[in-house]
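Heads up: the structure comes next, in structure tokens.
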Amino acid sequence: MYPQVFAMLGFRGKGGPGVGIPENSEFDVAGTFRKREVVTEKRVTEIAKIMWNGSIKVWCEEESSHKETTHLESSNGNFARRELVVLEQKEYMDGNVVTKEGSKNDFVHFKNETGEFSTFV
């Protein structure tokens, strides 16, 4: 893959192979398109409990997810696709963080006339 494909997929500072961009690169010709889709969701659950002495304990759970999909395709059928998913979960007790967990999955898929390659980054 050429460096401009990595840049169009959103890889900042990682670059591609150490080769120059050919003048007639397939991703420079007319007919190439880029589609980007972003979905963000957040769920918050609060539970309040009145204790025997009249104090109130508040338990809060937060879950958020962010999914970003970028798809490039040239007019000759070659394509590159990246799916980035970020998940985060937090739990609070009376405003103090009790648990904080997160994960990030970054998947890429490339296809051209010589073959296909896909991997988690």
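The values are calculated or read from the model by the stated rules, or taken from the named source; none is laboratory data. Since the structure is predicted, the reported quantities are computational estimates derived from the model, not experimental observations. Please note: Cβ atoms are built from the backbone with ideal geometry, for glycine as well, and neighbour counts cover all protein chains shown. Calculation scope for accessible area: heavy atoms of the full protein, side chains included, ligands and nucleic acids excluded. Shrake-Rupley method; radii C 1.70, N 1.55, O 1.52, S 1.80 Å.
Matching residues to (1) under 16 Å from the mean Cα position of the chain (by Cα); (2) surrounded by 15 or more Cβ atoms within 10 Å (Cβ to Cβ); (3) closer than 30 Å to residue 114 by Cα:
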| position | (1), (2), (3) |
| --- | --- |
| 41 | yes, no, no |
| 45 | no, no, no |
| 52 | no, no, no |
| 56 | no, no, no |
| 66 | yes, yes, no |
| 73 | no, yes, yes |
| 85 | yes, yes, yes |
| 91 | no, yes, no |
| 94 | no, no, no |
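Taking every residue in segment 102-117 that is open to solvent by 40 Å² or more (accessible area, probe 1.4 Å) and pairing it with any residue that is among the acidic types (Asp, Glu) and assigned to a strand (DSSP E or B), at least 6 positions away or on another chain, the pairs with Cβ-Cβ distances below 6 Å are 102/88; 107/83.
Within segment 64-76, residues that are without any contact (Cβ under 8 Å) to a residue 12 or more places away in the chain reach no partner that is in a strand (DSSP E or B) with beta carbons closer than 7 Å at six or more positions or on different chains. Using the structure shown, decide if residue 80 is open to solvent by 40 Å² or more (accessible area, probe 1.4 Å) and not charged (D, E, K, R). No. No other residue among 7, 30 is over 28 Å from residue 121 (Cα atoms) and at pLDDT below 80 apart from 30. Scanning segment 34-80 for residues that are more than 24 Å from residue 99 (Cβ to Cβ) and at pLDDT 90 or above yields 37, 38, 39, 52, 53, 68, 69.
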